[in-house]
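Participant: Following this message is one structure expressed as structure tokens.
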Amino acid sequence: MHRDLLSTATVSRGSCCSGRMSRSLVIGAPVPGTDPDQTAMNTPASSSPPVIAHVLHRLYLAGAEVLAAALGRQLSASGAQGGAMRFVYLCLDEVGPLGEQLRDEGFTVIDLGRRPGVDLGVARRIAALCREHEVALLHAHQYTPFFYSAMARAWPTRMGPIIRGHPPILFTEHGRHYPDTPNRKRIAANRLLLRRHDRITAVGEWVKQALVDNEGLHPSRIEVIRNGIDPERFHPPDADERLRARTTLGLNPQQPVALQVARFHPVKDHATAIRGWAHVAEQVPGAVLLLVGDGELRPQAESLVQDLGLEASVRFLGVRDDVPELMAAADVFVLSSLSEGISVTLLEAMATALAVVATQVGGNSEVVSDGETGLLSPRGDGRALGENLARLLAAPDRARTMGRAGRQRLLDRFTQHQMHQRYSDLYRQMLGPVDAAHPAGR
């Protein structure tokens, strides 16, 4: 999703990617002696399960990364669903804490060590790892991992004694930057990078439309597979669970509590949530806002809390591994983002039967039914967000009714089982014969 990737590297002659390698790579000319349209049939000749490589920026405890890890855990040959696949993880920038967990569980997780700028060595390493691990399919999460996965086609892969083309690529777009506008270089590149056997998924309808409008991709190429979570791990707490969670946090049983779980990044716009909370603090005595996460903008958020005199009602909890318990302690979940795909933390809150107060951006309106499972407000409008929070924190019965409706909506549309089944089916399609029905571009 790096918007500037193709601002620093065009795909025509005379650019930093020009020359023989670039023309073979971007225009899609086959490596001599190979047929690029045979690349979807990359399952090794042995009887071992086909290998799927997830390509990501890093493996932190964030939405796209958590979903990629869950796919491996559930669909692998030793996973909960007993799938006939093996998974490896290729990280452009660093392994991250979730990557370390996956290593401890026996998965292969590799740091590709990307350098600043366009690092063609990453593409070469992806190609080499495809040979080493006999990768049959690359699943690239977000745009930059897709870009490097496609660039790896400059180097042939080997499956046994026969040189074959590069494995097909499944490109999943999880969200968009803000602001998101068309980029002519990216549109031209996408037409050249995508091959007939590659597939594209978007986590929601809004994300799909953004790919059509701003990436120049044909809608027929894009399949929507909604994000999903485990509704058993995140479930409505009983009275004892709620009391225990609140006691651990030093909260009394009747205290109004709002919770936000998000990294401190510009797109999450914590400043709007904090400014909105100033209104809540005036209207709802004793209310507390719990902010879970860390990131580059946390110091600015802490300074804003001090400037507004909210230190007594806003708590910064940092990165936590007990999010289900924190949600059990809350009354309302808040998300103040400038842009979202299908937010995993929003789904987790709904599974916990929390009413939601969020901005009406991106895929949020696909997840939240305004007025039924939560309340939506315009991006950047702290007062409107704060008024919605105050309404629900001051009316706990209404919040509980919305929370129950939200959990039912999640069970109907956004479960992990539904998501995994869709990806499993798509993997099997891509590992089989080439589907000629998918054109190379618009």
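Participant: What whole number of Å gives the distance from the Cα centroid of the stretch 340-372 to the Cα centroid of the stretch 294-330?
Facilitator: 20
Participant: Sorted by mean Cβ packing within 10 Å, highest first, what order do the peptides 283-289, 395-401 take?
Facilitator: Output ranking for 283-289, 395-401: 283-289, 395-401.
Participant: Per-residue counts of other Cβ atoms within 10 Å, averaged by peptide: what ranking do you get for 169-179, 334-344, highest first?
Facilitator: Descending mean neighbour count gives 334-344, 169-179.
Participant: Could you calculate the contour length gain from GLN421 to TYR178, that is, 0.36 nm times the residue separation minus the distance between their Cα atoms, to one decimal place in nm?
Facilitator: Full extension from GLN421 to TYR178 adds 84.4 nm.
Participant: Could you state the number of Å between the C-alpha centres of the stretch 175-189 and the stretch 211-235?
Facilitator: 17
Participant: Given charges of +1 on the Cβ of Lys and Arg and -1 on the Cβ of Asp and Glu, with all other atoms neutral, how large is the dipole of the stretch 84-145 about its Cα centre, in debye to the nearest 20?
Facilitator: Here the size comes out at about 280 debye.
Participant: About its Cα centre, how strong a charge dipole does the stretch 239-414 have in debye, to the nearest 20, once Lys and Arg get +1 and Asp and Glu get -1 at the Cβ?
Facilitator: 260
Participant: Write down the radius of gyration of the stretch 99-148 and its Dmax, each obtained from C-alpha positions, in Å.
Facilitator: Cα-based Rg and Dmax for the stretch 99-148 come out at 11.9, 33 Å.
Participant: I would also like to ask the following. Where Rh denotes the Kirkwood radius from the mean inverse Cα pair distance, what is Rg over Rh for the stretch 239-414?
Facilitator: Expressed as Rg/Rh, it is 0.92.
Participant: Could you check the simple spin-label distance between ASP93 and SER369, using points 7 Å along Cα→Cβ, in nm with one decimal?
Facilitator: Taking the simple label geometry, ASP93 and SER369 are separated by 3.8 nm.
Participant: Would you mind computing, in nm to one decimal, how far apart the modelled labels at GLU132 and HIS235 are, each placed 7 Å from Cα along Cα→Cβ?
Facilitator: Using points 7 Å along Cα→Cβ, the separation is 4.2 nm.
Participant: Now for a separate question. Taking R0 as 45 Å, what FRET efficiency do you get between ALA312 and ARG428 from their Cβ-Cβ distance, rounded to the nearest 0.05?
Facilitator: In this case the efficiency is close to 0.25.
Values in this text are rule-based calculations from the coordinates and carry no lab data. Everything numeric in this text was worked out from a predicted model, so none of it was measured. As a convention, Cβ positions derive from the backbone with ideal geometry for all residues, glycine included, and neighbour counts pool all protein chains shown.
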